[in-house]
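Notes follow once the structure below has been shown.
No lab work stands behind these numbers, since they all come straight from the coordinates. Fair warning: this is a prediction, and the values are worked out from it, not measured in the lab. Here the Cβ is made from the backbone with ideal geometry for all residues, glycine too, and neighbour counts use every protein chain on show.
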Amino acid sequence: MLQNELIEKLEAQCAPYFTSINQMVEINQKKVLNAFREEQIGDHHFSSTDGYGYDDQGRDGLEALYARVFGGDDALVRPQIVSGTHAIATALYAMLRPGDGLLYITGAPYDTLDQVIGKNTSNTGSLKDYGVRYNEVLLKDDQTIDYEGIKNAINEHTKVVGIQRSKGYENRPSFTIDAIEQMIQFVKEIDENIIVFVDNCYGEFVEDREPLEVGADIMAGSLIKNPGGGLVRAGGYIVGKEDLVELAANRLTAPGLGKDAGATLNMLQEMYQGFFLAPHVVGEALKGAIFTARLMDYVGVETAPTYTDKRTDIIQAMTFHHEEAMIKFCEAIQANSPINSYVAPYPSEMPGYEEKVIMAAGTFIQGASIELSVDGPIKPPYTAFLQGGLTYAHVKIAIIQTVEKLIQDGLLDPLTFPEL
Ligand SMILES: *Cc1c(COP(=O)(O)O)cnc(C)c1O
């Protein structure tokens, strides 16, 4: 239904942006390759431990590799970190003590952190339950950082400032490394002892620098997103200053065990190989996102970022202003997935989320969003967030067939499409 000629025209318009993605992939691939060489990773690093996991050379090598690539002193990279939320929570609990303040300066953090912070709950073991003071500075009306607000919100209790790079399920732009650098400088000028934490989920390898390279003290993310390269079956990472990573290790395992325990259970090879592939896979996902933005824009759906915008994460937001169109879009992406294509996703309650959420993830690894996936809370203006794709070709095929399905179902009207 969508003519080949049309697709070719749209793709040609994306070409200059694909070229800059290719350049970024090369820069980051070189960074990763050099780190493998400098850390002298060998095939002995693939043999993992069981039981307590003491003397795990492979794990130590992997953590040294992450620290080097991401610009930290040390790292925790573990299958025992169950998700991005767990990585972030582990880092925050590690640093904050009763009476200390946590201040998020990029607006409300990602939905699953509400219960970690204890925004609406008390006796669940949340940070609030432990006596941590929480505050957040909302973005200004134009969705930029409220520097005046940050200055006013920082007080003698403020121990950790939180920055979320990616937009999550918010209707705001993601923050580039340049923007994060400016935020960190501003905070450190007010008080250099404040620890800056960055939620780096979905950001890894999208730019040529990571938050630690512009002054952040510690950051965290998920291995079933960018840095796992699509191969890692479970895990998370925390990278940063040595003392902070040690505290995080004590929180993850136990004081006295710290980084020295934690079996790697035959997962090392995929963790190394996934990290090696990650710059390329992130590039594929980014090209997929750019083509998606171009095509959706053409058919009249609002896109953020647009296909020409600079990107700092792999998320592509699309606003439908129409509940059925959003749900049908997610269903069609699922139907164009390699795994569980015959299953229809539907909106439902999810642990950690306040509203019903629809999640299409026809993925090899459960919920892996470096694989092609689309999700979002069911609420106006009905924005779906698409991310991932292990290959550009898959994203391109899936998005074209999804748009064709929406046309077929009368949810998009070709008569309204512009002349190119
Ligand atoms: C995905 C994500 C998280 C949480 O990660 P999970 O692995 O889903 O727990 C946190 N913050 C941001 C910005 C995310 O994108």
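Here is how the numbers come out for the structure above:
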item: Mean Cα-pair separation over length for region 349-408, i.e. relative contact order, pairs under 8 Å, 6 or more apart, %; result: 23
item: Between 0 and 90°, nearest 10: helix 242-252 axis offset from the chain longest Cα axis; result: 80
item: Using a Förster distance of 30 Å, the FRET efficiency for residue 30-residue 171 (Cβ separation, nearest 0.05); result: 0.25
item: Taking region 40-132 and dividing mean pair separation by its residue count, relative contact order in percent (alpha carbons under 8 Å, at least six apart); result: 17
item: Given charges at Cβ of Lys, Arg, Asp, Glu: region 4-120 dipole, positive-most of 48, 28, 96; result: 96
item: Extension gain from residue 419 to residue 188, taking 0.36 nm per residue of separation minus the Cα-Cα distance; result: 78.1 nm
item: Interchain or long-range residues, amide H under 5 Å from residue 158's placed H; result: 101
item: Set of region 68-101 residues, backbone N closer than 15 Å to the point 7 Å along the Cα-Cβ line of residue 130; result: 86-101
item: Value of relative contact order over the chain, rounded to a whole percent, pairs C-alpha under 8 Å and six or more apart; result: 18
item: In nm, spacing of pseudo-spin labels at residue 9 and residue 243 (7 Å Cα→C-beta vector); result: 6.2
item: Gyration tensor (alpha-carbon) shape descriptor, region 30-83, a/c threshold 1.5; result: oblate
item: Out-of-range pairs (alpha-carbon distance over 23 Å; input 328/396; 30/259; 9/405; 225/287); result: 30/259
item: GluC sites (Glu not before Pro) within region 1-87, DSSP loop, no more than 11 other Cβ atoms inside 10 Å; result: none
item: In Hz, Karplus ³J(HN,Hα) per residue of region 55-68 (6.51, -1.76, 1.60; θ = phi - 60°; x = Gly, Pro); result: 6, 9, 4, x, 5, 4, x, 5, 5, 5, 5, 4, 4, 5
item: Cα-based helix-to-principal-axis angle, 177-190 vs the chain, degrees rounded to 10; result: 40
item: For the chain, calculated [θ]222 nm from helices alone, where every DSSP H run of n ≥ 4 adds -39500 (n - 2.57); result: -12500 deg cm²/dmol
item: Degrees between helix 392-408 axis and first principal axis of the chain (Cα, 0 to 90, nearest 10); result: 50
item: Cα gyration tensor shape for the chain, rounded if a/c is under 1.5, else prolate or oblate; result: prolate
item: Proximal charge balance of residue 151 [Cβ under 11 Å; K/R count +1, D/E count -1]; result: -4
item: Region 354-391: chymotrypsin sites (Phe, Trp or Tyr not before Pro) falling in loop per DSSP and having at most 16 other Cβ within 10 Å; result: 364
item: Under Karplus coefficients 6.51, -1.76 and 1.60, residue-wise ³J(HN,Hα) of region 194-203 in Hz, glycine/proline x; result: 5, 8, 9, 9, 10, 7, 9, 3, 6, x
item: Environment charge at residue 204 (Cβ cut-off 10 Å; Lys +1, Arg +1, Asp -1, Glu -1); result: -1
item: Table column - 3J(HN,Hα) (Hz), region 366-375, Karplus curve with 6.51, -1.76, 1.60, x for Gly and Pro; result: 3, x, 5, 9, 7, 7, 4, 7, 8, 7
item: Amide proton proximity set for residue 107, modelled H, under 5 Å, gap of 5+; result: 137, 139
item: Global form of region 280-420, assessed from the alpha-carbon gyration tensor, a/c cut-off 1.5; result: rounded
item: Built amide H within the under 5 Å cut-off of residue 359, gap 5+; result: 346
